[in-house]
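Worksheet: one structure, shown below.
Nothing in this text is a laboratory measurement; each read-out follows from the coordinates by a stated rule. Quick caveat: nothing in here was measured; it's all calculated off a predicted structure. Here Cβ is always computed from backbone atoms with ideal geometry, including for glycine, and neighbour counts include all displayed protein chains.
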Amino acid sequence: MAAKKPADSSTKTNKQKPKMSPMFLILIIGGAVVLGLGAIGVSWWLSQGSQPADAEVSFVPSGQQFTPDMGSKDAPVTVVEYADFQCPVCGTFAHVFEPQLTKLYVAQGKVRFQFHNYAFLGPESLWAATASMCAADQGYFWDYHNKLYNSQRGENRGAFSRDNLKKFARELKLDGSKFDQCLDSHKYDKEISDQNHAAEQRSVKATPTLFINDYKLEGLPRTFSELAKLIDDRLH
């Protein structure tokens with residue numbers, strides 16, 4: 001689901017603007033410095049990637065399906081994400097929320113994080129989901145997951161064409177021949193179809209949808225603190 005652009009709430013006025021006091025100017029300048037430092041910190045955080053070096057990462061069977069899985073199998077909380085690689089809000093979750101979730105909870109053994117495809121936005125969603133599983137065959141699911149989200153260009157506009165998906169594999173240093181064979185053989189078409197059906201059986205109607213243990217959160221949390229509280233409530 002695409003995030004809506006907020007309506008412009010600014011209004012014009014012909015009234016003379018009041019003069020600002022020196023103390024008010026100091027507060028504005030101070031606030032700008034804090035925001036600037038915060039932006040630098042976020043940029044550094046995202047540049048580190050969403051997967052810390054000490055996180056346990058595996059690609060494990062889940063029933064009849066294969067589910068990308070990150071974190072300890074003994075973690076008391078499991079966070080399951082249903083997502084479509086073309087969904088821009090899913091991209092926001094991957095870029096902003098997932099790095100913090102991984103560092104603060106997954107790497108600490110508190111949360112096991114699972115990714116489930118719900119590829120419903122069109123043919124490029126299906127191709128991207130299939131490609132992610134072909135990458136998983138070579139142990140590169142999370143790298144390919146990040147590559148897809150970094151390459152979003154709107155829905156079904158060619159960003160996830162089959163040629164581009166193959167190019168992404170080579171840019172990540174996967175075995176190109178094996179990847180191409182996997183993608184061209186439609187090896188995971190039924191798997192993706194089964195995953196979509198499983199999502200619908202669980203009443204998933206939008207992406208991203210998160211399950212924190214049995215608690216369902218549809219859409220993006222307003223803040224990471226909101227997500228953290230949902231997790232913390234289930235840790236105690």
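Here is how the numbers come out for the structure above:
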quantity	calculated
Cβ-placed point charges (K, R +1; D, E -1), dipole of the range 43-235 about Cα centre in debye, nearest 20	260
Exposure proxy order (Cβ contacts within 10 Å, fewest to most) of Arg162, Arg170	Arg170, Arg162
Calculated FRET efficiency for the pair Asn156/Lys178, C-beta based, R₀ 30 Å, to 0.05	0.65
Estimated inter-spin distance, Glu171 and His197, nm [label 7 Å along Cα→Cβ]	3.4
The range 43-235: relative contact order in percent, alpha carbon pairs under 8 Å with at least 6 residues between	26
Residue order, fewest to most beta carbons within 10 Å, for Tyr215, Tyr140, Tyr188	Tyr215, Tyr140, Tyr188
Virtual spin-label span in nm between Asp163 and Glu226, 7 Å along Cα→Cβ	4.1
Pairwise FRET efficiency - Gln100 versus Asp74, Cβ, R0 = 25 Å, nearest 0.05	0.70
